[in-house]
1. Which residues, counting only those in segment 388-397, are in a loop (DSSP other than H, G, I, E, B) and either among the β-branched types (Val, Ile, Thr) or at pLDDT 85 or above (or both)?
2. Among the listed residues THR529, THR508, THR499, identify the single one that is over 17 Å from GLY405 (Cα atoms) and open to solvent by 40 Å² or more (accessible area, probe 1.4 Å).
3. Which condition number does HIS58 fail, the rest of (1) of a type outside the set (Asp, Glu); (2) modelled with pLDDT under 75; (3) assigned to a helix (DSSP H, G or I) being met?
4. Report, by residue number, each residue of segment 212-264 that is acidic (Asp, Glu) and open to solvent by 10 Å² or more (accessible area, probe 1.4 Å).
5. Any residue in segment 429-446 that is under 21 Å from SER492 (Cα atoms), among the β-branched types (Val, Ile, Thr), open to solvent by less than 40 Å² (accessible area, probe 1.4 Å) and touching a residue at least 24 places away in the same chain (Cβ under 8 Å)?
6. Need the failing condition index for PHE416 against (1) among the aromatic types (Phe, Trp, Tyr); (2) open to solvent by less than 10 Å² (accessible area, probe 1.4 Å); (3) more than 17 Å from SER447 (Cβ to Cβ), just the number.
7. Among the residues of segment 398-420 satisfying the criterion of being part of a strand (DSSP E or B) and free of Cβ contacts under 8 Å to residues at least 60 places away in the same chain, which is farthest from LEU514 (Cα to Cα)?
8. Which one is least open to solvent (accessible area, probe 1.4 Å) among residues in segment 336-369 that are among the aliphatic types (A, V, I, L, M) and modelled with pLDDT under 90?
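The values are calculated or read from the model by the stated rules, or taken from the named source; none is laboratory data. Quick caveat, the model's predicted, so the values are computed rather than measured. Counting neighbours? That spans all protein chains shown, and the Cβs are built from the backbone with ideal geometry, glycine included. Accessible surface areas use protein heavy atoms only, side chains included; no ligands, DNA or RNA. Shrake-Rupley method; radii C 1.70, N 1.55, O 1.52, S 1.80 Å.
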Amino acid sequence: MNITKWLWWRPRVVRCVYHSTVTQVLDPIPSTSPHTRPQQQHHHDPTMPDTTTLSPSHDAGEETASATTIHCPLLPTNFQWIVRHCPAFPVNGSKVRVITDPQEFYRELLSRAGSASHRISMSSLYLGTGKLEKELVSVMSERAALCKDLRVHWLLDFTRGSRGDFNSRKMLQPLVSSCPETCSVSLYHTPDLRGFLRHIIPQRWNETIGLQHMKLYVFDDSLVISGANLSNDYFTNRQDRYFVFDDCPELAQFYHTIIETVGKFSLRLRANDTTSLYPETCVHPFLSDYNKYCSSVKAALLNLWNKECSKNLSRLNQLLKSLGQTDIDKSEECITDTKINHSLDTIVFPTLQMGPFSITNDSVITKKLLTTAESNSRIQLASGYFNLTEEYMQCVLQQSQANYGILMAHPRANGFLGARGFAGAIPAAYTQLAKLFFERLQRGGASNRISMFEYQRPRWTFHAKGLWESSTVQYLSMLILSFKLSLTGWRSVNRDLETQVIVATRNTDLQVELHHEQERLYTSSTEVTGQTFTERERLVPYWVRLVMPIIKVFF
């Protein structure tokens, strides 16, 4: 698309009035016990005005009235509902940077690890064991020894981080040993892997039960958020997405606290490679009662979430002032800062998806983003691993009016290509899923509205996930950071711990960056046609087709 023409598609500041302060946080939050995990929950239409607020002390379903009226700038009319579901963080768009190259991502981590002064909080699935990973740990160790006020905390997944004889735990032991007072490592263990099941499922396979999959890297008051893990491929030739929020203290503090909260309910790595509970924690992820553990984690996260949502009114007030508009509420309690930041032009909405704890915030928002998109808009989706849930399929095929471009990995760009054993069939499994969806498009007559593309680049693999939406009157960009199932997969919705951010901006430079990022990914792709799945290398073995209905819930 011609960039001059695209820039004409600039957003308008839309002023929308509705009643809410913290309304419907983490909507819907089931009132049943965590292990029940109902498939569907009743909730009101978030596009309609709301007059209720959910207190942190209330169980789901109990509501109290609120009469506060707020204005929400930067968001188009059909997306105003999102403020009722997420904490809002207004930032200066010039502080947001989009990285497009994995080597630049690595240099960013290395540079910030070597200059942090008071905190480093790292959350990833695992840490690799190669030369680049060792250098990152070494830089961090040297910095921690030099700066006595620096606190370093790692949050990794227990099962993935323990895989093999030399693993993430071994990599981080020197850090824990050299600075035991200031450096800590937390290993999240899913509560679903317990009892007899925990003893009979071998390594690698036990990772299918559930994972810690948030990719968050906090350095002082800055945040790097990505879909990339911390290993050699992700630093060299595995394409992903990476956002840097520089000097955004409230956003960095929020995610630092998320990492700390999950870490508190995880197992602490000791210098001798054993694990233990943190002193302040009395529930064990796989030895304590399942309901008690899940309820405790959920309560802690909900308390944090509601506290942040309760600040939305004040933060949006600052944003309106920055844009030269009328205050949301001139009452003294709502105006807490006397200094107004006149450069706020971007707003960030974090989302959470944590199936084990019945936190379904992100899936609710994703479905609403898809279904409330207008007919003149276009949604570009990217997913390294294509596995739509039935609910998302219905949103895209039947409930959405938007045009779609769906980008996924070609089998040659699939990270499992050439893997040993059953894992080597995973690229074929994703081909089968893509084929079934393509056939459904054809039967439903939606192929004129929805196009599919495959990313292929010599000697590169594809792991990027994202959602970009644009129309002639608005621009909304969404960064999706999650495991291989992306925003669409059954597993990300139900099994893993995920977080994403939604970014809406009127900053022209940032809009151009976002557009170029999406355009760059699609440039390395080819469109899927009816001939694609007839090619010899794309034929799916019969046994893969046979087991797909059973195993796709683990993808």
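1. Once the filter is applied, which keeps residues that are in a loop (DSSP other than H, G, I, E, B) and either among the β-branched types (Val, Ile, Thr) or at pLDDT 85 or above (or both), segment 388-397 yields only THR389.
2. Working: THR529 fails: over 17 Å from GLY405 (Cα atoms); THR499 fails: open to solvent by 40 Å² or more (accessible area, probe 1.4 Å).
Checking each option against the conditions leaves just THR508.
3. (3)
4. From segment 212-264, those acidic (Asp, Glu) are 220-221, 233, 240, 246-247, 250, 260; that's our starting set.
Passing the criteria: ASP220, ASP221, ASP233, ASP246, ASP247, GLU250, GLU260.
5. yes
6. Of everything listed in (1) among the aromatic types (Phe, Trp, Tyr); (2) open to solvent by less than 10 Å² (accessible area, probe 1.4 Å); (3) more than 17 Å from SER447 (Cβ to Cβ), PHE416 misses just condition (2).
7. Checking each candidate, the answer is ALA409.
8. This residue is LEU369.
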